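Contents: one structure, followed by commentary.
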Amino acid sequence: MEEDKIPSEKSTKAGIAADCHEEICKRAYELYEARGDGPGDAMQDWLQAEAEILWKMTH
């Protein structure tokens, strides 16, 4: 059936969200490493990574 080959809007958004999440995770880890792998503010790393990735996606 042809309908089965077209992804739904919901599944497409979920796929994009999953891709973003993976990119944010990678960038947050890079920020953590840049701080010297020491204790710090994981939430700040995450928020900065999220802002950077979302900015790249929209510009």
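No value in this document is a laboratory result; all are computed from the given coordinates. Please read these numbers as outputs of a predicted model, since none were measured by experiment. All Cβ positions, even for glycine, are placed from backbone atoms using ideal geometry, and neighbour counts span all protein chains on display.
Placing +1 at every Lys and Arg Cβ and -1 at every Asp and Glu Cβ, with all other atoms neutral, what dipole size does the stretch 18-58 have around its Cα centre, in debye to the nearest 20?
80 debye
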Quiz item: What nm distance separates the two modelled labels at Glu30 and Glu52, each placed 7 Å from Cα along Cα→Cβ?
Solution: 0.5 nm
